[in-house]
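Notes to accompany the following structure.
No lab work stands behind these numbers, since they all come straight from the coordinates. None of these values were measured; they are calculated from a predicted model. Don't worry about glycine lacking a Cβ; one is built from the backbone with ideal geometry, like all the others, and counts go over all protein chains shown.
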Amino acid sequence: MIDRTYLSLAAQNAMQSGVRRMFELAKNYDDSINLTLGEPGFVTPEHIINAGIEGLRQGKTKYTPNAGISELRKAIAYKLEKENGIICDPEKNLIVTAGATQGLMLAIATLVDKDDEVIIQGPNWPDYKGQIDTVGAKTVYAKVSEENGFKMTADIIEPLITEKTKLIIINSPSNPTGGVLEEEDLREIAALVKKHKIFIISDEPYEKLVYDGFVQKSLAAIDEGLEEYVITINSLSKTYAMTGFRVGYICANERIMREMIKLQEFFIASVPEPMQMAAVEALYHADEDVAEMVKYYDRNRHLIVDGLNEINGFSCLYPKGAFYVFPNITGFGMSSVEAAEYILEKTHVVTAPGNAFGPDGEGFIRICYASRYEQIAEALERMKKAFGTK
Ligand SMILES: Cc1ncc(COP(=O)(O)O)c(C=O)c1O
C-alpha cells in the first residue's frame, strides 16, 4: 500500500525563521530586550482604531468583494497619485490584500510557474524565498554589498538574468539592510526591465520611513511604459503601526489584476471590512501621526548607529530608510548565529543573525530600532559594558 500521508514538499522544505528562533531563545531571560521583530513600537493611532471599531458596530461583518471595498480602493488610488505619481483606476488596477505578505504571495502565484527563476536581493526578507519555494520556483540572489550602501542596482541584476527569469523583486527601503534605491538607480532598473521584458515587483512597505530628507520614488512612476511590467505592492503595517490589521494592496495593469482578483478568492476571499475601513481613515487622516513616528525612529536611528560604532566588534552604516540597522559583526570573529547567541548570552539583548536573511547576510546581524528609545539606550549600555568601547 502506498503511503499517502506524507506532507507537501513546500511544507517540508519551509525553514523555521531564524528571527523567531532567537525570539524563542530570549524566553530564557526575564530581563531580555528584544530588538528582533520588525514591528513598530507604537500602538496604532486611536482614530484609526476607532474607524475599525465603528465598522464592527455598523455590522460590517460580511465578505467584501475580492478586490476590497470601493472606498478603500479610491483612497489607495488617491494616495498613489498624490504621493507616488502613479495614476490608476480603482476599479481596474487595485486589489486589497492581507498585508504585503499576502499581496506578495498573490503576485507570485499570478506571475510565476514551477521552475521559473525569481531574482531577489541577498540579503533578503526571508518570506520572499519561502513564497517562491511555495510555487516551486527557484530563488536567485542578487548579492549587495556594504560598500555601495547595500543597493541592488541594475548592474548586479543584469548578469543574473537567464531564459528562465520570470520576475525580479526590489524592496526599497530594504529589510534587512535599511538601504535605499535612489531615482537614478530606479531609472537604470526601469531600462533593464524594458530591455528584457521582465515582470518586476516593487515592494514598498517602508517607503515613508526615510531620513535625512530622502524621498523614496516608486519604480512604476519613474518612466513611461512601465505598466506592462511593474507591480507595486504596499502595506499599511509599518507606516501606520498597523501590523495586526493585515491590510495591504497591489497596483498592477488590468490584465494582471483580472487574474489576481480571481486567485484572491482561493487565498483569503477578502480582507475583513472593519480593517479596510480603518485603512481608509489611515490613508486620508494620519499624515501627522506618521511624521511623528518617523521623527521618533530617526532619533533611535542616531542613537543606535552612533552607539554601535563605539562598541568593539561592530561597524554600522547609517541606513537611509526602514527601521533596521545591519551592522557588520565580523569583528567578533564568529558566524552571525554565534555572534547573535553570544550577544544574547552576555547582554540579554536579542538580535537577528544575518544568515536568517539568506546566505548573503552572513557577517552581519539585524537590529530593529522601532522600539522605545529607552530600551535601545539600555541595550547599548549593556553591550558597551560587555564588549568594551573602541
Ligand atoms: C520587505 C517586506 N515586505 C513585506 C512585508 C510584509 O508586511 P505586512 O504583511 O505586514 O504588510 C515585510 C514585513 O516585515 C517586509 O519587511
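Brief remarks follow.
- Electrostatic bookkeeping for Gln264 treats Lys and Arg as +1 and Asp and Glu as -1; over the other residues with beta carbon under 14 Å from its beta carbon, the sum is +2.
- Cβ charges +1 (Lys, Arg) and -1 (Asp, Glu), total dipole of segment 102-224, debye: 340
- The chain, relative contact order in percent, only Cα pairs under 8 angstrom and at least six apart counted: 25
- Restricting the chymotrypsin sites (Phe, Trp or Tyr not before Pro) of segment 55-131 to loop positions (DSSP other than H, G, I, E, B) with no more than 13 neighbouring Cβ atoms within 10 Å leaves Tyr63.
- Placing +1 on the Cβ of every Lys and Arg and -1 on the Cβ of every Asp and Glu, with no other charges, gives segment 46-285 a dipole of roughly 760 debye about its Cα centre.
- Between Lys194 and Asp133, the modelled label-to-label distance comes to 3.8 nm, taking each label 7 Å out from Cα in the direction of the beta carbon.
- Potential extension, Tyr78-Asp306 segment - 0.36 nm per residue separation minus Cα distance: 78.2 nm
- Charge context of Lys390, other residues only, Cβ under 14 angstrom, K/R +1, D/E -1: -1
- Qualifying GluC sites (Glu not before Pro) in segment 110-198, DSSP loop, other Cβ atoms within 10 Å at most 11: Glu163
- Calculated [θ] (222 nm, deg cm²/dmol) that DSSP helices of n ≥ 4 give over the chain, each run adding -39,500 (n - 2.57): -12000 deg cm²/dmol
- Ranked list, fewest to most other Cβ atoms within 10 Å of each Cβ, for His302, His348: His302, His348
- Taking segment 320-390 and dividing mean pair separation by its residue count, relative contact order in percent (alpha carbons under 8 Å, at least six apart): 34
- Set Lys74/Lys166; Lys62/Lys238; Lys151/Lys385; Lys129/Lys262 screened for pairs whose C-alpha atoms are more than 29 Å apart: Lys74/Lys166; Lys151/Lys385
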